[in-house]
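Read the structure below first, then the notes.
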Amino acid sequence: MKVVLQNLTKIFPSRNKKSNEEVIAVNDFTFEIPDGKLIGLLGPSGCGKSTTLYMISGLQKPTSGKIFFGDDDVTELATENRGVGLVFQNYALYPHMTVKQNILFPLQNLKGADKLSKAEMQERAYNAAKLVQIDELMDRKPSELSGGQQQRVAIARALVKMPRVLLLDEPLSNLDARLRLQTREEIRRIQKETGITTVFVTHDQEEAMSISDMIVVMKLGVVQQIGAPQDVYDSPANLFVAKFLGTPPINVFEGKISGGRLFLGQEAVLEVGGVADQEVYVGIRPEGFVLDPNGPLTCRLNNVEVMGRDVSIVSTNPASLNPIIRSIINADNKVDATQENVRYSLKPHKLFLFNKETEERIFFEVK
Ligand code: ATP
């Protein structure tokens, strides 16, 4: 089921009687979510992710714009008639019911033509439980389950009605690191097996990158970029997106273009074609630095952290906007940690230029 968001906008009125400052939680969001794909909605706290998800679910009404499931305009449709499965951060299971009763619950409320026989309900509940691998735990109460198991029950409960669209709001936030990793892989497997179009809200870029077919990066209610995770990482549209994706984060410098060359401080570090002389922000991914005794960029060496496969070199440079520069180098490179300076050459495809005012990307020709 493809889901179309058309100029979706949500404005919350001011709560403060003295000021008229309304909150534009989501601002003119247009996107066609392809059938059967998993979309990660990503951005910092307050950027409008949950509000977008609630509008898709019908829990909140858009101020303007439309939502389509396939060709059906569902904008005015109540949540229960949309065919959505919802999973929240706090599993919201009924504590007095067993796992089985929790999963059966949505089916028992079906009415009219949708009403199922007892045997059909049992079969659906067992199939959903099997899919999320909790079919052995059907007689337990939620308090007798781990957080990860509880979240699986919540997912089974969302799947049992065979929703047209699955909506997940920070479903992994309450789980510890290892379980989070495992559960996110589970969600991806279940999504692939069922082929249900899924929207997954998270503030964790690594989580979104690892399981999404496409990510949508938002800031202050406005979509910044939509694309396949690797494409967005490799070609960020602006400085915000560049900074939001990647661990360790991108290194940002103040730079200057002069006569087709990029300067960081006094050092000309790269030839950049097709860009007018101007001051710029420069983003360099940690993997964009190459140790090179004759390299054009000189940094003061702080320390060298060996991380097994890779080596992380921590250094400083007056042009850097971050207190430290972190570069990641293959561990085969031997780094003398006692030297005062390190010199780098730079990989052009790992270096991005941004306009100093708009912070939008400036593209350049590699020479
Ligand atoms: P988080 O990751 O913290 O949940 P989010 O990206 O999901 O953040 P939203 O919950 O969608 O963000 O909120 C977007 C903006 O709308 C925020 O500024 C928030 O304060 C505001 N907002 C959300 N719900 C309401 C409401 N019911 N009334 C007024 N303002 C609201």
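Report, by residue number, each residue of region 191-205 that is within 23 Å of residue 138 (Cα to Cα) and either within 16 Å of the ligand (Cβ to nearest atom) or open to solvent by less than 10 Å² (accessible area, probe 1.4 Å) (or both). Reasoning before the result, please.
Filtering region 191-205 for residues within 23 Å of residue 138 (Cα to Cα) gives 191, 193-194.
Selection gives 191 alone.
Any residue at all in region 242-264 that is part of a loop (DSSP other than H, G, I, E, B) and over 31 Å from the mean Cα position of the chain (by Cα)? If you could, list the steps in order and put the result at the bottom.
Start the filter on region 242-264 by keeping residues that are part of a loop (DSSP other than H, G, I, E, B), which leaves 245-250, 259-260.
Add one more test, that the residue is over 31 Å from the mean Cα position of the chain (by Cα), and what stays is 259-260.
Yes, region 242-264 has at least one match.
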Under 7 Å by Cβ, and 6 or more places apart or on different chains, what pairs join a residue from region 54-71 that is without any contact (Cβ under 8 Å) to a residue 24 or more places away in the chain and within 13 Å of the ligand (Cβ to nearest atom) with one that is assigned to a strand (DSSP E or B) and open to solvent by less than 50 Å² (accessible area, probe 1.4 Å)? none
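Before we move on, is residue 126 within 30 Å of residue 143 (Cβ to Cβ) and in a loop (DSSP other than H, G, I, E, B)? Outline the logic, then answer.
On the way: within 30 Å of residue 143 (Cβ to Cβ): yes; in a loop (DSSP other than H, G, I, E, B): no.
Considered against the rule, which asks whether it is within 30 Å of residue 143 (Cβ to Cβ) and in a loop (DSSP other than H, G, I, E, B), residue 126 comes out as no.
Could you please find all residues in region 333-367 being closer than 19 Å to residue 278 by Cα and without any contact (Cβ under 8 Å) to a residue 12 or more places away in the chain? Steps first, answer last, please.
Of all residues in region 333-367, those closer than 19 Å to residue 278 by Cα come to 348, 351-367.
The one that is closer than 19 Å to residue 278 by Cα and without any contact (Cβ under 8 Å) to a residue 12 or more places away in the chain: 357.
Do you know which of the residues in region 206-243 that are among the charged types (D, E, K, R) and modelled with pLDDT under 95 is surrounded by the fewest Cβ atoms within 10 Å (Cβ to Cβ)?
If we take residues in region 206-243 being among the charged types (D, E, K, R) and modelled with pLDDT under 95, then 206 is surrounded by the fewest Cβ atoms within 10 Å (Cβ to Cβ).
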Checking residue 89 against (1) modelled with pLDDT of 90 or more; (2) surrounded by 15 or more Cβ atoms within 10 Å (Cβ to Cβ): exactly one of these is not met. Which one? (1)
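Applying the selection to region 109-137, what residues are acidic (Asp, Glu) and closer than 19 Å to residue 187 by Cβ? So that I can check it myself, show each step before the final result.
The initial filter retains those residues of region 109-137 that are acidic (Asp, Glu), namely 114, 120, 123, 135-136.
Hit for region 109-137 is 135, nothing else.
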Go through the residues of region 224-242 one by one and say whether even a single one is closer than 29 Å to residue 77 by Cβ, in contact (Cβ under 8 Å) with a residue 12 or more places away in the chain and out of contact with any Gly (no Cβ under 9 Å at 6 or more places or on another chain). yes
Given the conditions (1) surrounded by 21 or more Cβ atoms within 10 Å (Cβ to Cβ); (2) touching a residue at least 40 places away in the same chain (Cβ under 8 Å), and given that residue 252 satisfies all but one, which numbered condition is not satisfied? (1)
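Only residues that are aliphatic (A, V, I, L, M) and free of Cβ contacts under 8 Å to residues at least 60 places away in the same chain: list them for region 2-22, please.
Scanning region 2-22 gives 8, 11.
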State which residue is nearest to residue 299 (Cα to Cα) when the search covers only region 270-285 and only residues that are open to solvent by 10 Å² or more (accessible area, probe 1.4 Å) and in a strand (DSSP E or B). 270
Looking at (1) under 21 Å from residue 232 (Cα atoms); (2) within 19 Å of the chain's Cα centre (by Cα); (3) in contact (Cβ under 8 Å) with a residue 60 or more places away in the chain; (4) more than 9 Å from the ligand (Cβ to nearest atom), which is the one condition that is false for residue 28? (2)
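The values are calculated or read from the model by the stated rules, or taken from the named source; none is laboratory data. Every value quoted in this text rests on a predicted model; they were computed, and no experiment measured them. Positions of Cβ are generated from backbone atoms using ideal geometry, with glycine treated the same way; all protein chains shown enter the neighbour counts. All accessible areas refer to the heavy atoms of the entire protein, side chains included, with ligands and DNA or RNA removed. Shrake-Rupley method; radii C 1.70, N 1.55, O 1.52, S 1.80 Å.
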